Amino acid sequence: LHSFPTRRSSDLSATAGGSLGDGATVTGDSPSGMVTFNLYAASDTTCATPLFTDTESLGAQGHATSAKYKNAAAGTYQWVASYGGDPNNGTAAGSCGDTTEQVTVTATTPTFTNTPDTNVTVGTPIGDQFKIANGFAPGGTVTFSLYAPGDTTCTTALLTVTKTVSGNKTYQSGTFAEMAAGTYDWVVVYTGDSNNNGVTESCGTETSVVNQASPMLSTTATTNVAVGAMITDSAVLASGFNPSGVMTFEVF
């Protein structure tokens, strides 16, 4: 009996969430009958309890291919195939620990999309959204950190929020009420888990641009007075964001 992980569907080196399969060829006197495929976890070093069992009939040239074990988590798996024999051929079996029958499943890399709020007016709260897609039941945590304009090395966070990851979906940072116009930097860190690779964004990759407010000015001047009388002007500033500075009146 010669068995091997089949060369289809990336069975030799799958990523988490993928499918594993095995194949076996029996040589002898026109062998027929059945082949049983057992798949074991790496921790099962004596191949005592299979994770998956499938029995298939021998086909042409004495070959059989197992069904697929689906949604494999990351780790190393061991296949053991056994042939039950027929009237002209005895039984045969592979051995536990055969390195040619081991399959390594590595962590997958999900798709990450970051969408920070941007081009808002100062005083409007800003937040960030981080979407995880195509992961294998991702867990771990995602941490959002926000940095002020001028903190070009992202040294001192204005806000840090950590959320628990529970599947492929969008995670929200919550909002921050910024107090100044400028460009704010978001840095998002996803820890990953045993089945999913994490990611750390670089400073300056994701930004929220906060624009100055555009105040409105209305004025009321003294009018229709006799020559020699005093005249004045007054102004009302509205729709600004905590406006300060000076206001200058000129008369011509």
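Rg and Dmax, both from the Cα atoms of region 127-252 and both in Å, are 24.8, 87. Extension gain, THR49-ALA177: 0.36 nm per intervening residue step, less the Cα-Cα distance, totals 40.4 nm. For the chain, carbon and sulfur atoms together expose 52% of the accessible surface, with a 1.4 angstrom probe and every protein chain in place. Placing a label point 7 Å from the Cα of MET34 along the Cα-to-Cβ direction, the residues of region 80-98 with a backbone N closer than 12 Å are 83-85. Computed from backbone phi with θ = phi - 60° and the Karplus coefficients 6.51, -1.76 and 1.60, the 3J(HN,Hα) list for region 122-129 is 3, x, 7, x, 10, x, 9, 10 Hz; x is used for glycine and proline. Backbone phi angles across region 189-204, fed through the Karplus curve with coefficients 6.51, -1.76 and 1.60 (θ = phi - 60°), yield HN-Hα couplings of 10, 9, 5, x, 8, 5, 10, 9, 6, x, 8, 10, 6, 8, 4, x Hz in residue order; Gly and Pro are listed as x. Rounded to the nearest 5, the antiparallel percentage of DSSP beta bridges internal to the chain is 95%. Based on protein heavy atoms only, region 67-138 ends up with 46 Å² per residue of surface accessible to a 1.4 Å probe. With Cα atoms defining each centre, region 221-252 and region 104-175 are spaced 48 Å apart in the structure. In terms of accessible area, using a 1.4 Å probe and ignoring ligands and nucleic acids, LYS68, LYS169 rank largest first as LYS169, LYS68. For region 219-235, 3J(HN,Hα) computed residue by residue from phi via the Karplus equation (6.51, -1.76, 1.60; θ = phi - 60°) reads 10, 9, 9, 5, 9, 6, 10, 7, 4, x, 7, 6, 10, 9, 9, 10, 9 Hz, glycine and proline entered as x.
Net length available on complete extension from LEU217 to THR205 is 0.6 nm, with 0.36 nm assigned per residue and the Cα-Cα distance removed. Which residue fluctuates most in the GNM of the chain (Cα springs below 10 Å): THR164, THR155, THR143? Judging by the Gaussian network model, the answer is THR155. Values of log10 I(q)/I(0) for the chain across q = 0.11, 0.12, 0.16 Å⁻¹ run -0.76, -0.82, -1.06, by the Debye formula with one identical scatterer at each alpha carbon and no solvent. Between GLN61 and ALA41, the FRET efficiency estimated from the beta carbon spacing at R0 = 22 angstrom works out to 0.10.
The values are calculated or read from the model by the stated rules, or taken from the named source; none is laboratory data. Not measured: the values here are computed from a predicted model. When we count neighbours, we look across all protein chains shown, and the Cβ atoms used for this are built from the backbone with ideal geometry, even at glycine. Note: areas computed on protein heavy atoms with side chains; ligands, DNA, RNA excluded. Shrake-Rupley method; radii C 1.70, N 1.55, O 1.52, S 1.80 Å.
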